[in-house]
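Beneath this line is the structure, given in structure tokens, with notes to follow.
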Amino acid sequence: MLKNLLKKENSVLWIIAFASLILPFAIDNRYYQDIIILTFLWAGLSSSWNLYSGYCGRLSIGHAAFMGMGAYSASLLSINFGITPWVGMVVGCIISGTAALIIGGTTLRLKGTFFVLSTIAFAEIMKTVAITAKNVTNGSLGVQVPYDPGFANLVFAGKIPYALIIWGYMILVIFICTRLEKSKLGYGLIAVGENQQAAENLGVNSTKTMLIAYVLSAMLTSIGGALFVQYVRFIEPSTIMSLAYSVNFILYAIAGGMGTAFGPMLGAFILVPATNLLRGAITGVSGLHQMILGLILIGILLYRPDGILLSIRGAMNKRRARAMKKEEEGGGDDAADGR
């Protein structure tokens with residue numbers, strides 16, 4: 001019963017994900033198209049973060065470093081050597097994956113606050129390196145991607161091509177997450193998140209399982225970083241590798257439902273448009289939109305602490321349980337009448 005219910009739920013969520021592609025075509029306004037594109041991007045980035053932290057329950061607050069690696073790899077290789085950003089995206093994946101393998105191999109054994117602090121330290125180190133390596137990254141002045149429209153350059157005159165490519169990135173990450181949930185790796189991650197000691201007693205290699213997921217999460221985040229820089233056409237270390245960006249990954253995943261394939265997408269679909277629309281609507285008082293957004297987040301955490309998706313799933317399960325109970329009671333009454 002539960003399996004069939006989850007299949008129906010996933011079908012509905014897939015319909016929502018695919019139907020969202022209609023929006024940039026239906027809305028002929030560059031401002032709203034920009035919000036839609038950023039929503040797709042943050043949905044993909046948050047889902048990439050969720051692939052590791054959401055399923056095993058270990059907060060990584062340094063994922064913006066991998067986003068920055070992907071962004072700098074794509075932009076610098078294109079500007080300095082004329083290499084297409086598509087290749088730079090692959091290079092960024094390799095660099096991010098290697099960095100995650102090295103960092104993860106030394107820090108994933110840490111638990112709780114110590115692991116969280118290690119991820120923050122990693123992001124701060126990468127940001128400092130990007131700022132000080134002026135000959136390579138141009139330091140705090142940032143990198144400007146030249147406006148040379150073309151598919152090979154991953155730069156376009158209109159918004160629609162960006163929407164298609166970034167939507168495709170979001171769908172790819174969600175697809176990987178759905179496949180992960182049904183794989184041995186996914187079961188191992190969930191088991192580690194529930195109780196690491198018990199999972200190890202059952203034969204799960206927790207360190208290997210978490211390391212594979214951490215590397216995959218870093219590589220997917222790197223792809224998002226490459227797409228981000230080609231879209232906004234400018235990056236600088238203090239923004240692209242900031243703690244605020246890392247926190248965004250977490251907020252969208254928590255709001256939608258950590259440890260679920262579609263939770264981060266739902267969180268981003270709600271919070272990214274809300275953030276941008278509030279910023280545009282409330283201009284009289286500086287920071288007021290952030291305060292309102294904060295109140296929205298507090299409300300979600302207070303009344304839906306497991307996230308929107310898990311709350312909906314729980315409500316559906318309770319409703320189904322009540323319906324089954326009524327059916328059983330009705331069946332019992334009919335049997336009694338028959339006697």
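The values are calculated or read from the model by the stated rules, or taken from the named source; none is laboratory data. Being a predicted model, the structure only gives us computed values, none of them experimental. When we count neighbours, we look across all protein chains shown, and the Cβ atoms used for this are built from the backbone with ideal geometry, even at glycine. The accessibility values were calculated without ligands, DNA or RNA, using every heavy atom of the protein model including side chains. Shrake-Rupley method; radii C 1.70, N 1.55, O 1.52, S 1.80 Å.
Within segment 210-250, restricting attention to residues that are among the β-branched types (Val, Ile, Thr) and surrounded by fewer than 24 Cβ atoms within 10 Å (Cβ to Cβ), which residue is farthest from THR119 (Cα to Cα)?
Our first condition is that a residue be among the β-branched types (Val, Ile, Thr); within segment 210-250, this holds for 212, 215, 221, 223, 229, 232, 235, 239-240, 247, 250.
Now drop any that are not surrounded by fewer than 24 Cβ atoms within 10 Å (Cβ to Cβ), which leaves 212, 215, 232, 239, 247, 250.
Values: ILE212: 16, VAL215: 14, VAL232: 26, THR239: 17, VAL247: 12, ILE250: 13 Å.
If we take residues in segment 210-250 being among the β-branched types (Val, Ile, Thr) and surrounded by fewer than 24 Cβ atoms within 10 Å (Cβ to Cβ), then VAL232 is farthest from THR119 (Cα to Cα).
Give the residues of segment 251-267 that are in a loop (DSSP other than H, G, I, E, B) and open to solvent by 10 Å² or more (accessible area, probe 1.4 Å), sorted by residue number. Give the derivation first.
From segment 251-267, those in a loop (DSSP other than H, G, I, E, B) are 257-262; that's our starting set.
Those that are in a loop (DSSP other than H, G, I, E, B) and open to solvent by 10 Å² or more (accessible area, probe 1.4 Å): MET258, GLY259.
Looking at this structure, is SER96 of a type in the set (S, T, N, Q), part of a helix (DSSP H, G or I) and in contact with a Phe, Trp or Tyr (Cβ under 7 Å, 6 or more places away or on another chain)? Break it down stepwise before answering.
On the way: of a type in the set (S, T, N, Q): yes; part of a helix (DSSP H, G or I): yes; in contact with a Phe, Trp or Tyr (Cβ under 7 Å, 6 or more places away or on another chain): yes.
Yes; evaluated as a whole, the condition is true for this residue.
Which condition from (1) open to solvent by less than 70 Å² (accessible area, probe 1.4 Å); (2) without any contact (Cβ under 8 Å) to a residue 12 or more places away in the chain is the one that ASN153 breaks?
(2)
(1) over 25 Å from the mean Cα position of the chain (by Cα); (2) surrounded by fewer than 18 Cβ atoms within 10 Å (Cβ to Cβ): which one isn't true of THR137, the others all being true?
Exception for THR137: condition (2).
Please pick out the residue among ILE312, ILE298, ILE292 that is loosely packed, with under 11 Cβ neighbours inside 10 Å, assigned to a helix (DSSP H, G or I), modelled with pLDDT of 65 or more and aliphatic (A, V, I, L, M).
On the way: ILE312 fails: loosely packed, with under 11 Cβ neighbours inside 10 Å; ILE292 fails: loosely packed, with under 11 Cβ neighbours inside 10 Å.
It is ILE298.
Being at positive phi and surrounded by fewer than 22 Cβ atoms within 10 Å (Cβ to Cβ): is that true of GLY203 here? Outline the logic, then answer.
Details: at positive phi: yes; surrounded by fewer than 22 Cβ atoms within 10 Å (Cβ to Cβ): yes.
Yes, satisfied.
Can you go through GLY112, GLY62, GLY57 and tell me which one is under 30 Å from MET258 (Cβ atoms), buried (at least 21 other Cβ atoms within 10 Å of the Cβ) and modelled with pLDDT under 95?
Values: GLY112 fails: buried (at least 21 other Cβ atoms within 10 Å of the Cβ); GLY57 fails: buried (at least 21 other Cβ atoms within 10 Å of the Cβ).
Selected residue: GLY62, the only one of GLY112, GLY62, GLY57 that is under 30 Å from MET258 (Cβ atoms), buried (at least 21 other Cβ atoms within 10 Å of the Cβ) and modelled with pLDDT under 95.
The rows are residues; the columns are (1) over 24 Å from ILE235 (Cβ atoms); (2) touching a helix residue (DSSP H, G or I) at 6+ places or on another chain (Cβ under 7 Å).
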residue	(1), (2)
LEU23	yes, yes
ASP28	yes, no
PHE40	no, yes
GLY44	no, yes
TYR52	no, yes
CYS56	yes, yes
SER75	no, yes
GLY82	no, no
TRP86	no, no
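Could you please give the count of residues in segment 118-159 that are under 22 Å from ASP28 (Cα atoms) and assigned to a helix (DSSP H, G or I)?
Residues flagged as under 22 Å from ASP28 (Cα atoms) and assigned to a helix (DSSP H, G or I) within segment 118-159 amount to 0.
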